[in-house]
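The values are calculated or read from the model by the stated rules, or taken from the named source; none is laboratory data. Here the structure is a predicted model, which is why all the values come from computation and not from measurement. Methodologically, a virtual Cβ is constructed for each residue, glycine included, from the backbone with ideal geometry; neighbour enumeration extends over all protein chains shown. Note: areas computed on protein heavy atoms with side chains; ligands, DNA, RNA excluded. Shrake-Rupley method; radii C 1.70, N 1.55, O 1.52, S 1.80 Å.
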Amino acid sequence: MPGLRQRSVLTISSARVVLLYTVGLNALSDPNTQAWIESLRSGDARTLARAISMVENRAAGWRDLLKALFPHTGRARVIGLTGAPGAGKSTLVDQLARIYRKHNRTVGIIAVDPTSPYTGGAILGDRIRMQAHFSDPGIYIRSMATRGSLGGLARTTADVTTVLDASGRDVILVETVGVGQDEVDIVRLADITVVILVPGMGDDVQSIKAGIMEIADIFVINKSDREGAERVEREIRALQSLAARHDGWTPPIVKTVASEGTGVDALGEAIASYEAYVQKENLELKKRAENWQQRLVEMLRDTMLEKARAQLGDGNVARLAAQVAEHKLDPYTLVEEIAKQARNM
Ligand SMILES: Nc1nc2c(ncn2[C@@H]2O[C@H](COP(=O)(O)OP(=O)(O)OP(=O)(O)O)[C@@H](O)[C@H]2O)c(=O)[nH]1
Ligand SMILES: [Mg+2]
């Protein structure tokens, strides 16, 4: 892989800093990593599972692996699907996967579950429901229960999509319950964000967090077999009439009955037309740069925090916090000092 050895120069002119970096050289000097990458890129599911676990658990070498994989990424289309618990996200993901497979596109699915442990009901439900795909090597399904994970949930999910992307998946579907900031951050990292609403269930559009409404590239009203779908549609339209998006795209509203497959083709078409719009308007790079801006800030935050933690050592944060609570220490000076020392690490 000669491309990997290229040296790149990144100039941040405003800060007059020139940063030289070498993509994945450390990782590549390890013949094991080389073999891994080749096996991963050949589509081997076991290597893929191992690589994802390594990244997810922040096991030794995870960063080097991602460094080495990065040059092989950027091809996959990442589609984030979010909505209230039980809205039908998994059913829709399942149906969409079916459509993409019909078009011979390989699919990776990440189901991010915010609360249940691995053996929990929702995930088990997903596994059983998606079992239809299990014999198809063109579909790879991964559940993540990452509350309390070492990296932030959004960052870990993004890193897992990087691994799937490098493994050559054409489409990556990320399912997440749209309830908290973490979930908003996750779908924000997608190329395309689908927000799923359902009639009834008390979640009127008004009560859905504004953040979720703003990130929708496409709205789905699932369970349209139930009463009230029209009302939800009117409410979305009313909200849309209040503010135009800066990219000029008006998110379409697709009605589905996921459990019967109704409207899923239309959803596939809506996704395709958004992709076409993004290409036509040359928005792809801009959108990805915006995503990376967020991701970089998160990565920096994690890395800085990691350094500060390493510098402080276990249990010391609690000790210092107690001292601040007793007014023995001033937190502002304390943080400044820690940051100063961490910088030199
Ligand atoms: N009536 C009706 N039921 C549906 C529809 N789509 C999904 N369901 C059912 O709704 C239930 C929840 O569907 P899931 O796909 O698990 O929903 P989810 O959003 O993934 O749920 P969580 O991951 O637990 O948040 C299942 O019993 C589905 O069969 C639909 O369009 N109409
Ligand atoms: Mg689900």
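Here are some notes:
- Applying a threshold of 27 Å to the alpha-carbon distances of K307/K328; K223/K287; K67/K286; K67/K307 flags K223/K287 as lying beyond it.
- When only the Cβ of Lys, Arg, Asp and Glu is charged (+1, +1, -1, -1), the dipole of region 240-333 relative to its Cα centre reaches about 320 debye.
- Carbon-plus-sulfur accessible fraction, region 229-345 (probe radius 1.4 Å, protein heavy atoms only): 57%.
- Seen from D314, the other residues with C-beta closer than 15 Å to its C-beta sum to a net charge of +2, counting Lys and Arg as +1 and Asp and Glu as -1.
- With a Förster radius of 35 Å applied to the beta-carbon distance between R75 and E214, the computed FRET efficiency rounds to 0.80.
- Judged by the mean number of other Cβ atoms found within 10 Å, the most tightly packed of the peptides 71-83, 298-310, 156-168 leads the ranking 156-168, 71-83, 298-310.
- The label point for A322 and the one for Q341, both projected 7 Å from the Cα toward the Cβ, are 1.8 nm apart.
- Full extension of the segment from A276 to T333, taken as 0.36 nm per residue of separation minus the current Cα-Cα distance, would add 15.3 nm.
- Å² of accessible area per residue within region 245-296, as computed with a 1.4 Å probe and no ligands counted: 58
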